[in-house]
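As structure tokens, the structure follows; a few thoughts come after it.
The values are calculated or read from the model by the stated rules, or taken from the named source; none is laboratory data. Bear in mind the structure is a predicted one, so any value in this text is a computation, not a measurement. No Cβ is skipped: glycine too gets one built from the backbone with ideal geometry, and neighbour counts run over all protein chains shown.
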Amino acid sequence: MLADALEHLVRGIVDNPDDVRVASRATRRGDLLEVRVHPDDLGRVIGRGGRTARALRTVVGALAGDEPVRVDVVDVDRR
Amino acid sequence: MTSSETQPVAPSPTKRLEDEGEIAADYLEELLDIADLDGDIEIDVENDRAAVEIVAEAPGALKHLAGSHGEVLEALQELTRLAVQTRTGERSRLMLDVAGYRAARRAELVTLAESAIAAVRESGQEVALDPLNAFERKVVHDQVAAAGLSSDSRGVEPERYVVVLPA
């Protein structure tokens with residue numbers, strides 16, 4: 001559910017919604033949701049000073065309730 | 001907007017705000033569906049802004065979508081404004097509320113502002129309030145202005161606070 005919710009939130013704020021991918025990985029520190037977007041949309045998803053990425057984390061964290069979850073916006077060019 | 005020929009093409013400001021509300025409602029509606037949360041979306045236009053509220057079907061059911069200090073609400077509003085901007089190409093000043101959180105908070109802040117105004121009038125000294133977010137500061141500034149006093153915002157986010165000044 002969390003990955004789907006995050007994918008929806010991100011798809012709505014980018015110019016290339018069909019390029020949005022969210023992968024969910026279980027880690028020792030809880031679930032990690034990795035967001036990948038079209039390189040042109042990276043700045044939009046991160047936002048000024050990381051503001052948009054922070055908003056995504058806050059909303060996903062609220063939907064997750066008590067379970068720990070991390071959200072990582074992956075820079076495809078660099079990894 | 002400069003020549004009369006373009007006028008029929010430009011949508012009226014109210015229509016534009018209603019469209020903002022519709023886009024926001026679609027974005028939020030689908031989020032509620034995915035998260036399996038029960039809520040209705042209400043759209044309005046208030047003070048030249050689109051006003052969108054997620055109304056809980058059961059009291060308290062959507063509390064976590066506001067957050068204990070409204071932080072989730074602010075984040076959701078930010079994302080919703082971006083979703084509108086992505087579709088319209090224009091910045092949105094849309095106001096989002098969840099389960100009456102902002103309305104209740106506004107009432108608390110009006111009370112807070114009134115006691116600060118009374119204290120300033122009595123002492124003739126400025127009174128500084130605790131840090132508030134942008135929405136909360138605006139409520140206080142409006143209340144102070146209505147009382148015929150002036151106020152300032154000082155400090156840097158997230159510690160920015162309002163000072164009520166003596167007349």
Residues satisfying the stated conditions in region B:39-68, i.e. within 14 Å of chain A (Cβ to nearest Cβ) and of a type in the set (D, E, K, R): B:Lys63
Scanning region B:79-110 residue by residue, those touching a strand residue (DSSP E or B) at 6+ places or on another chain (Cβ under 9 Å), within 14 Å of another protein chain (Cβ to nearest Cβ) and either under 20 Å from B:Glu22 (Cβ atoms) or part of a helix (DSSP H, G or I) (or both) turn out to be B:Thr80, B:Arg81, B:Val84, B:Ser92, B:Leu94, B:Leu96, B:Val98
Here the residues within region B:40-52 that are within 28 Å of A:Gly61 (Cα to Cα), buried (at least 16 other Cβ atoms within 10 Å of the Cβ) and either modelled with pLDDT under 95 or not small (Gly, Ala, Ser) (or both) are B:Ile41, B:Ile43, B:Val52
Restricted to region A:12-23, and to residues that are under 10 Å from the mean Cα position of the chain (by Cα) and of a type outside the set (Gly, Ala, Ser), which residue is farthest from the other protein chains (Cβ to nearest Cβ)? A:Arg21
Residue that is surrounded by the fewest Cβ atoms within 10 Å (Cβ to Cβ) [pool: residues in region B:124-167 that are without any contact (Cβ under 8 Å) to a residue 40 or more places away in the chain and among the polar types (S, T, N, Q)]: B:Ser150
Residue under question is A:Ala3, and the condition is that it be within 14 Å of another protein chain (Cβ to nearest Cβ), aliphatic (A, V, I, L, M) and within 19 Å of B:Glu71 (Cβ to Cβ); does it hold? no
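Can you name the residue in region B:66-78 that is assigned to a loop (DSSP other than H, G, I, E, B) and small (Gly, Ala, Ser) and, of all such residues, is nearest to the chain's Cα centre (by Cα)?
Within region B:66-78, the first condition is being assigned to a loop (DSSP other than H, G, I, E, B), and the residues that meet it are B:66-70.
Among the residues that remain, those that are also small (Gly, Ala, Ser) are: B:66-68, B:70.
Numbers: B:Ala66: 12, B:Gly67: 15, B:Ser68: 16, B:Gly70: 11 Å.
Here the answer is B:Gly70.
Quick check on my filter: what residues within region B:22-50 are in a strand (DSSP E or B) and of a type in the set (A, V, I, L, M)?
Going through region B:22-50, the residues in a strand (DSSP E or B) turn out to be B:39-46, B:49-50.
Once the filter is applied, which keeps residues that are in a strand (DSSP E or B) and of a type in the set (A, V, I, L, M), region B:22-50 yields B:Ile41, B:Ile43, B:Val45, B:Ala50.
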Taking region A:42-76 and the residues there that are away from chain B (no Cβ under 12 Å) and among the acidic types (Asp, Glu), the one that is surrounded by the most Cβ atoms within 10 Å (Cβ to Cβ) would be A:Asp72
Among the residues listed as A:Arg36, A:Arg29, the single one being over 26 Å from B:Pro158 (Cβ atoms), out of contact with any helix residue (DSSP H, G or I) (no Cβ under 7 Å at 6 or more places or on another chain), more than 12 Å from every other protein chain (Cβ to nearest Cβ) and touching a residue at least 12 places away in the same chain (Cβ under 8 Å): A:Arg36
Could you say whether any residue in region B:104-112 is modelled with pLDDT of 95 or more and of a type in the set (S, T, N, Q)? yes
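Taking the condition assigned to a strand (DSSP E or B) and either closer than 14 Å to B:Tyr101 by Cβ or at pLDDT below 90 (or both), does B:Val55 pass?
Values: assigned to a strand (DSSP E or B): yes; either closer than 14 Å to B:Tyr101 by Cβ or at pLDDT below 90 (or both): yes.
Yes: the conditions hold for B:Val55.
Taking the condition at pLDDT 95 or above, touching a strand residue (DSSP E or B) at 6+ places or on another chain (Cβ under 7 Å), among the acidic types (Asp, Glu) and surrounded by fewer than 17 Cβ atoms within 10 Å (Cβ to Cβ), does B:Glu29 pass? If you could, list the steps in order and put the result at the bottom.
Working: at pLDDT 95 or above: yes; touching a strand residue (DSSP E or B) at 6+ places or on another chain (Cβ under 7 Å): yes; among the acidic types (Asp, Glu): yes; surrounded by fewer than 17 Cβ atoms within 10 Å (Cβ to Cβ): yes.
Considered against the rule, which asks whether it is at pLDDT 95 or above, touching a strand residue (DSSP E or B) at 6+ places or on another chain (Cβ under 7 Å), among the acidic types (Asp, Glu) and surrounded by fewer than 17 Cβ atoms within 10 Å (Cβ to Cβ), B:Glu29 comes out as yes.
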